[in-house]
Structure formats: C-alpha cells, structure tokens
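Some notes on the structure that comes next.
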Amino acid sequence: MSNQNQCVRGADVLVNAHLNRGVGFSAEARDRLGLRGLLPPAVSSAENQVARALALIDSRPDPLGKYLELDAIRAADENLFFKLLIEHTDRFMPIVYTPTVGEVCQKFSHIYRFPRGLFVSYEDRGRVEELVANCPQEEVDVIVVTDGQRILGLGDLGMNGMGIPMGKLSLYTACAGIDPARTLPVTIDVGTNTEAYLNDPLYLGLRRERVTGDEYFALVDEFIQAARRRWPKVLIQFEDFGNHNAFELLRRYQDKILCFNDDIQGTAAVALTGVYSAVRVTKKPLAEQTFLFLGAGEAATGIANLIVDALVDEGMDRAEALKHCCLFDSKGLVTAARTGLAENKQPFAHELPECRTFLEAVRAVRPTGIVGVAAQPKAFDAAVLREMAAINERPIIFALSNPTSRAECDAETAYRETDGRALFASGSPFAPVELNGRTFVPRQGNNSYVFPGLGLGAVFAQAEWMPTGMFLAAARTLAETVSEEDLERGSLYPSLSEVRDVSMKIGVAIAEYAYEHGLARNERPADLEAAVKAFMYMPE
Ligand SMILES: NC(=O)C1=CN([C@@H]2O[C@H](COP(=O)(O)OP(=O)(O)OC[C@H]3O[C@@H](n4cnc5c(N)ncnc54)[C@H](OP(=O)(O)O)[C@@H]3O)[C@@H](O)[C@H]2O)C=CC1
Ligand SMILES: CC(=O)C(=O)O
Ligand SMILES: [Mg+2]
C-alpha cells in the first residue's frame with residue numbers, strides 16, 4: 001500500500017476497489033481504518049467471501065450475466081475479483097475473455113456502469129496530456145490500448161472495443177501478477193464506421209466516421225508521448241487495431257519504445273508454440289512443415305514471419321524459409337502473379353497456381369498445417385479437413401479466429417473429419433471431445449498464454465524495447481511447459497490451471513533476454529526467478 005493509500009480512511013476505503021476488502025476486513029482493520037459500523041458486524045473469512053461470490057455468479061445462467069456479476073465484484077473489491085480469477089481461471093477466463101468479452105464489447109454502451117481506464121477522443125486532441133494527468137494511477141506498468149477497429153473477428157466496434165483492453169489487463173494480473181493498480185486500459189476513439197452504433201441512442205462513443213491518415217497518427221502519437229512523459233517506463237500493448245494502422249504503428253514505434261502488437265507478435269509466439277508441440281507428435285522437424293494460412297493479415301503474417309525467423313534461427317536460408325508459409329486472403333491464394341499486394345503479404349507471394357477456393361489451395365500447396373485467422377466461420381469444412389487428413393498422417397489444424405462464432409471449425413468437427421488424427425488448437429475454448437473411445441482435450445492457441453508473461457518480463461527488467469528474439473524466447477519457453485501427457489490427450493498447450501507458473505517462466509525468459517542483450521534499464525538480480533516471483537501481485 002502506498003503512503004497515499006495509507007492515509008485513506010472510513011467510507012473512502014470502502015469505495016476504493018484497490019483498498020476495499022468489504023466484509024473481509026478484520027475487527028482490528030475496521031478500528032484502524034474507521035470502518036466500525038459501516039459494514040455488517042460479522043467478519044467473513046476469505047473462503048466465505050469466495051463462496052458468497054461464486055453463489056452470486058452461479059445465480060446468473062448466461063455468460064453475460066456472470067460477466068456483470070464479476071464486474072460488479074471488481075468495482076467493489078478488486079482483491080476478491082482477482083482471487084476468484086486466479087483460483088478459478090478455467091471457469092472464468094471464458095467470461096472475462098473470449099468468447100464472452102466479444103458480447104461485452106458489442107453491448108458495451110448498453111451495460112456500461114463503472115468508470116475504468118482512459119478514453120482519448122479525437123475531440124480531445126491537443127489536450128491529451130491533461131487527460132493522462134487525470135488518471136488516478138501514480139505509476140503504470142502496462143497500458144493496453146485499442147482504437148476498436150478490429151475487435152476479435154467482430155469488426156469495427158468503435159469505443160465499445162474498450163472491453164478488450166479491460167479483459168486483457170485482467171489477464172495480466174490474474175495470469176502474470178501485474179499489480180492491477182498499475183494497469184491502464186485505453187481506448188482511442190476516432191469514431192466508428194459501424195452504422196448501427198452511429199444510430200444507437202445509447203452509444204457512448206464519438207458519433208462520426210473514423211478519422212484517418214495524418215490526423216489519426218497525430219492523435220495516437222499525442223497519447224503515446226503523454227503517457228510516456230508521465231510513466232517513462234510503461235509498456236504499451238497495441239490490441240485489435242485495424243490492419244493497416246496496426247502494421248504502421250508497429251513500424252513507427254517497435255524499436256523506439258517499450259511496446260508490442262499482441263495480434264501480430266503475441267499471436268505469433270503462441271502459434272509457434274503450438275507448432276513446436278505438433279512437431280513433437282509428428283516427429284517431422286519444423287524444416288519439413290509447410291503452413292497454409294486462411295487470412296493474410298496481422299495474425300497470419302505475424303505468425304508466418306515468426307515461423308520464418310525460427311527456421312532461419314535453425315540455419316535455413318531466409319528465402320527458402322519463406323516458402324514454408326503460404327497465404328490465402330479474401331481474393332484467393334497469394335501468388336507471385338498477384339499485383340498490388342500489401343507490404344506484409346509480399347514476402348509470401350510464391351510461384352503457385354491461382355486458387356479461388358481454400359480447398360483448391362490446400363490441394364495445390366499440400367500443407368502439413370492450416371491456420372485459420374480470417375474470422376470466416378466454418379471455413380475449415382468437412383472437405384478441407386478430409387483433404388488435410390488424406391495428405392497428412394497427423395494434420396495440424398489451428399482454428400484461431402475469435403470469438404467462438406468466428407472459429408474456422410469446432411474441435412468436434414476437426415477430430416471427427418480427420419478420424420481423430422488432427423493436431424488441433426483454437427482461439428476460443430472448446431470442451432473435451434469423445435471420439436472412438438478416446439477423449440481429446442483441445443486447448444487454446446490464444447495469445448493469452450504469452451502476452452502476460454511477455455509483459456511481466458519486459459516490465460520487470462524495464463526493457464527499452466522488444467526485439468523478435470523475445471517472441472521466439474516466449475514461444476520456446478511456453479513449448480517447454482507442454483508435457484508428454486498433454487500431447488497424449490491432444491493438448492498442444494499446458495493447462496490453464498498452470499498459467500501463473502507458465503507466465504512466470506516466460507517472464508523470467510524475457511527478463512533474461514533483456515539482461516543478456518543490454519536492453520534492461522535495471523540490474524539483474526542474482527536469483528532472477530525468485531525476484532520475478534516476488535514481483536508478482538497476489539491477492540491477499
Ligand atoms: N487466437 C489468437 O490469439 C488470435 C486470433 N486472432 C483472430 O484472427 C482473426 C483475424 O485477425 P487479424 O489477422 O488481426 O485481422 P486482419 O484484419 O489483419 O486480417 C484478416 C484477414 O482475413 C482475410 N479474409 C477476410 N475474408 C476472407 C475470406 N472470405 N477468405 C479468406 N480470407 C479472408 C483478409 O483478407 P484481405 O487481406 O484480402 O483483406 C485479411 O487478410 C480474428 O478473428 C481474430 O480474433 C487474432 C489475433 C490473435
Ligand atoms: C486473441 C486476440 O487477441 C484476438 O482475437 O484479437
Ligand atoms: Mg487481439
């Protein structure tokens with residue numbers, strides 16, 4: 001507790017979510033803080049507080065209702081909220097994160113109740129420093145910022161996208177122990193091109209079409225400079241920006257400030273882990289794998305580039321490595337014959353026949369793995385999956401689009417259409433699948449396995465910036481946590497119940513990378529793992 005917090009007393013404690021422990025305050029604390037009489041007389045044990053909260057959440061049958069209960073708990077008592085999230089990660093991750101967070105965003109203006117985070121509107125240009133100064137946080141370690149233009153696979157949600165930075169930062173705390181009082185979700189609201197919101201009387205964002213070009217980048221830059229003036233060591237995570245702006249912002253800031261783009265770089269690391277796990281099963285090295293991506297945007301080219309970097313790191317020539325990844329976008333297979341290709345697609349434009357359907361592309365490329373990152377629901381249909389099973393003994397099938405409604409296929413279909421031979425991962429969670437007397441436990445190829453640890457390591461070492469090597473290190477560290485037992489039940493990732501330990505290990509690897517490469521702004525502690533563990537916030 002900071003000195004300033006120590007001065008807070010009485011009812012002010014009870015309305016401060018960081019400080020409030022509600023009916024959990026002991027008799028001694030109630031006297032010390034001037035709370036006697038302001039709470040029901042019985043002191044609740046931590047177990048009873050959790051039991052009461054679980055009953056309340058369970059009384060809501062629908063996921064959105066459960067989200068609203070959890071959100072109300074968070075607004076009143078953050079300590080209890082994170083206790084619930086940490087003790088029941090498997091149960092609550094689908095509520096505070098994908099898929100429910102998608103619905104939360106779509107309805108954000110209709111369910112808005114509690115102030116949280118920073119809203120930087122285009123109308124505030126020229127005075128963003130003042131907005132940043134209004135933030136109550138004395139210190140901020142991690143900012144997750146969006147402009148709401150590509151929220152999961154749901155499109156342009158404008159200001160309503162704020163649910164995503166809020167959800168991501170909940171995971172930063174629950175999974176990697178970033179102090180919640182030192183996190184800041186941010187939405188840069190430059191308008192929306194979604195007609196339904198512009199016509200919705202309850203919409204809380206700016207009612208205008210999106211600002212673009214120089215004015216857009218000037219506003220984002222004004223925010224970044226203001227945030228860094230107030231919190232010079234802050235990590236800025238770009239999340240769910242529209243495609244072109246995402247690539248341009250990464251190009252502008254990647255090697256200048258402590259930042260990363262989660263959809264491009266975090267996703268790349270988690271997908272590469274899934275590939276490393278699959279390679280252990282197929283016994284075919286990475287150098288013998290070829291991937292066909294459905295999608296050619298942030299996630300697709302982010303993953304493809306990191307696979308190429310991993311191959312180059314293993315000694316392969318880059319030109320040769322690029323041939324191991326092929327892209328299929330909204331116009332068909334990306335080939336050398338295509339003109340006007342976006343810069344991120346060009347390295348993957350190979351000498352291949354023109355293919356208009358994904359099935360044709362699978363037949364032409366004969367990939368060992370297909371990766372769905374185009375938000376095209378059910379695009380991996382029976383024909384595609386059977387073709388993959390005909391070409392490969394153990395086809396790699398990653399349906400990474402979010403939320404569940406946008407998945408390229410569900411787990412059951414993937415296993416059924418490949419006679420249980422698919423090595424499957426999905427962006428959003430699927431329940432275990434029973435097939436031919438076997439139980440498959442699919443896990444999530446979702447950047448949530450890596451961004452909390454990436455951030456933890458970068459913040460701990462006060463890294464200057466985050467080079468590609470850090471994302472390779474994250475992928476390899478995560479891969480090492482996948483056990484033979486996981487692989488036997490079809491899991492390419494560790495269990496979510498281990499996620500705090502996994503994030504700690506990734507954090508240590510990233511911090512170590514920063515110390516070894518002269519990127520840290522502090523001294524390496526002698527026992528790095530112990531120091532990272534001690535740094536991690538844990539609810540009381
Ligand atoms: N599991 C995870 O951790 C993550 C999952 N994702 C998911 O991936 C999806 C895409 O995100 P992102 O890459 O950032 O988005 P982008 O907008 O950057 O890319 C979308 C891509 O999909 C392509 N596309 C659109 N329609 C079709 C179609 N009918 N057939 C083939 N391709 C098509 C687009 O083609 P074109 O280039 O021609 O426009 C574009 O290349 C989202 O659903 C998101 O939730 C994203 C990040 C992380
Ligand atoms: C997981 C994630 O970051 C996305 O779907 O955008
Ligand atoms: Mg995202």
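Listed by chain and number, the aspartates and glutamates whose C-alpha is less than 18 Å from the C-alpha of K233, apart from same-chain residues fewer than 8 away, are E129, E138, E139, D141, D179, D221, E222, D255, E464, E512, E523. Taking the average, over residues, of other Cβ atoms within 10 Å as the packing measure, peptides 155-164, 508-517 rank 155-164, 508-517 from highest down. Once the gyration tensor of the Cα atoms in region 100-257 is diagonalised, the equivalent ellipsoid follows with semi-axes of 22, 19, 15 Å, ordered largest first. Placing unit charges on the Cβ atoms of the charged side chains and taking the dipole of region 345-447 about its Cα centre, the candidate lying farthest along the positive direction among L359, A407, N447 is N447.
Working from Cα pairs under 8 Å separated by at least six residues, relative contact order for region 28-148 is 15 percent. Each Lys or Arg adds one and each Asp or Glu takes one away; over the other residues whose Cβ falls under 14 Å from the Cβ of L528, this sums to -2. Please compute the net charge surrounding P432, taking Lys and Arg as +1 and Asp and Glu as -1 over other residues with Cβ under 11 Å from its Cβ. Counting the neighbours of P432, the net charge comes to +1. A straight chain from K533 to C135 at 0.36 nm per residue would run longer than the Cα-Cα distance by 140.5 nm. Determine which residues of region 428-443 fall in the zone a paramagnetic label at V281 would reach in this model, i.e. backbone nitrogen under 13 Å from the point 7 Å along Cα→Cβ. Only 433, 439-443 pass the distance filter.
So between A55 and D381, what do we pick up on full extension, going 0.36 nm a residue minus the alpha carbon distance? Full extension of this stretch gives 113.4 nm more. Dipole orientation for region 3-98: of the candidates Y97, S59, C7, C7 has the Cα lying most toward the positive pole (charges on Cβ; Lys, Arg +1; Asp, Glu -1).
Within region 158-187, find all residues whose amide N lies under 20 Å from a label point positioned 7 Å from the Cα of L198 along Cα-to-beta-carbon. Flagged as within label range: 158-162.
A simple charge model with +1 on the Cβ of Lys and Arg, -1 on the Cβ of Asp and Glu and nothing else charged puts the dipole of region 263-540 at about 580 debye relative to its Cα centre. Using R0 = 25 Å, the C-beta based FRET efficiency linking E484 and D90 works out to 0.70.
The local environment of H110, defined by Cβ-Cβ distances under 15 Å, has a net charge of -2 under the rule Lys, Arg +1 and Asp, Glu -1.
Using Cα-Cα distances under 8 Å and only pairs 6 or more residues apart, what relative contact order does the chain have, in percent? Before the final figure, lay out each step's value.
Details: 1034 pairs, mean separation 69.8, N = 540.
Averaging sequence separation for qualifying contacts and normalising by length gives 13 percent for the chain.
Computed in the context of the full set of protein chains, the accessible area of the chain at 1.4 Å probe radius has 50% of its extent on carbon or sulfur.
Each Lys and Arg Cβ is given +1 and each Asp and Glu Cβ -1; about its Cα centre, region 100-257 then shows a dipole of about 260 debye.
In the chain, a dipole from Cβ-located charges (positive for Lys and Arg, negative for Asp and Glu) runs towards its positive end, and of A300, C135, Y112 it is Y112 whose Cα lies farthest in that direction.
The magnitude of the dipole of region 347-481, with charges of +1 and -1 set on the Cβ of Lys/Arg and Asp/Glu and taken from the Cα centre, is near 120 debye. Given in Å, the Rg to one decimal and the Dmax to the nearest whole number for the Cα atoms of region 21-143 are 17.7, 51. Between R318 and V15, full extension at 0.36 nm per residue minus the direct alpha carbon distance yields a gain of 103.4 nm.
For the chain, DSSP calls about 15 percent of its internal beta bridges antiparallel. Calculation over all alpha carbon pairs of the chain in 10 angstrom steps from 0 returns a P(r) of 4, 18, 29, 27, 16, 5, 1, 0 percent. Using the Cβ-Cβ distance between A337 and R252 with R0 set to 30 Å, the FRET efficiency works out to roughly 0.40. Peptide packing for 438-446, 530-538, 395-403 was compared via the average number of neighbouring C-beta atoms within 10 Å per residue; ordered from the highest value, the list is 395-403, 438-446, 530-538.
Normalised per residue, the accessible area of the chain is 40 Å², obtained with a 1.4 Å probe and no contribution from ligands, DNA or RNA.
Take the Cα of H517, go 7 Å toward its beta carbon, and the backbone nitrogen atoms of region 249-284 under 19 Å from that spot belong to 250-273.
The values are calculated or read from the model by the stated rules, or taken from the named source; none is laboratory data. Every value quoted in this text rests on a predicted model; they were computed, and no experiment measured them. So basically every Cβ, Gly included, is an ideal-geometry build from the backbone, and we count neighbours across all protein chains shown. Only protein heavy atoms, including side chains, enter the accessible area calculation; ligands, DNA and RNA are left aside. Shrake-Rupley method; radii C 1.70, N 1.55, O 1.52, S 1.80 Å.
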